[in-house]
Amino acid sequence: MISIAVLTVLSVLTLYFLYNSLLYIAYDEEAARVAGVKVDFINYIFAILMAAAVSISIKIVGVLVLSAMIALPVASALQLEKGFRTTLLCSIGFSLLAMVIGLFGSYYLNVAPGGFVSLTSVAILLVVLIIKNIRTILRRMQFSR
């Protein structure tokens, strides 16, 4: 728990202090280099934090849940197409939602928590995709009038 707390504090501080540089790199890495952002250094810091998160988390939650915690909430948040900050916050929210629903659901259904959290993350992604498609269809119907 101590290592998770330390990693969380380091990650939040890194995100706070490097937010603008990370945003610049996310949109255009070459332009960030031209603007004087130390892209390689920031990429190394990000890689070290990710490696630490994976190595600590894999012992606690396992490979299946870890991949669901890293990839699926981000994929869900990217579907919203609302910008970097919103994507970041929504991916955290989707991850927390999947963990809470998955853990409570696995307890009450008496199933393995890892698999159920992963299925919950997939379900959230599917719901986001369905809502996005419905909104697109409705926009097209309004536009065609």
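Here V74, V65 are screened, and the one residue that is on the phi < 0 side of the Ramachandran plot and touching a residue at least 40 places away in the same chain (Cβ under 8 Å) is V65. Within the set R33, R139, R85, the sole residue that is in a helix (DSSP H, G or I), surrounded by 13 or more Cβ atoms within 10 Å (Cβ to Cβ) and among the charged types (D, E, K, R) turns out to be R33. Here A51 meets the list (1) surrounded by 14 or more Cβ atoms within 10 Å (Cβ to Cβ); (2) modelled with pLDDT under 90; (3) part of a helix (DSSP H, G or I) almost entirely, failing just condition (1).
Is it the case that the range 90-102 has a residue that's without any contact (Cβ under 8 Å) to a residue 12 or more places away in the chain, assigned to a helix (DSSP H, G or I), farther than 18 Å from Y19 by Cα and over 11 Å from the mean Cα position of the chain (by Cα)? So far as the range 90-102 goes, yes, one or more of its residues are without any contact (Cβ under 8 Å) to a residue 12 or more places away in the chain, assigned to a helix (DSSP H, G or I), farther than 18 Å from Y19 by Cα and over 11 Å from the mean Cα position of the chain (by Cα).
Of all residue pairs spaced 6 or more apart or on separate chains, those with beta-carbon atoms under 8 Å, a first member in the range 39-58 that is without any contact (Cβ under 8 Å) to a residue 24 or more places away in the chain and a second member that is of a type outside the set (A, V, I, L, M, F, W, C) and surrounded by 12 or more Cβ atoms within 10 Å (Cβ to Cβ) are V39/E29; V39/R33. When L72 is tested against (1) within 16 Å of the chain's Cα centre (by Cα); (2) open to solvent by 50 Å² or more (accessible area, probe 1.4 Å); (3) of a type outside the set (F, W, Y), only condition (2) is not met.
Among the residues of the range 90-110, those that are open to solvent by 50 Å² or more (accessible area, probe 1.4 Å) and in contact with a helix residue (DSSP H, G or I) (Cβ under 8 Å, 6 or more places away or on another chain) comprise I92, L97, I101, L103, Y107, L109.
The values are calculated or read from the model by the stated rules, or taken from the named source; none is laboratory data. It should be emphasised that the depicted structure is a prediction, and the values quoted were computed from it without experimental measurement. Cβ atoms come from the backbone with ideal geometry, glycine included; neighbour counts cover every protein chain shown. The area values use the complete protein model at the heavy-atom level, side chains included, leaving out ligands, DNA and RNA. Shrake-Rupley method; radii C 1.70, N 1.55, O 1.52, S 1.80 Å.
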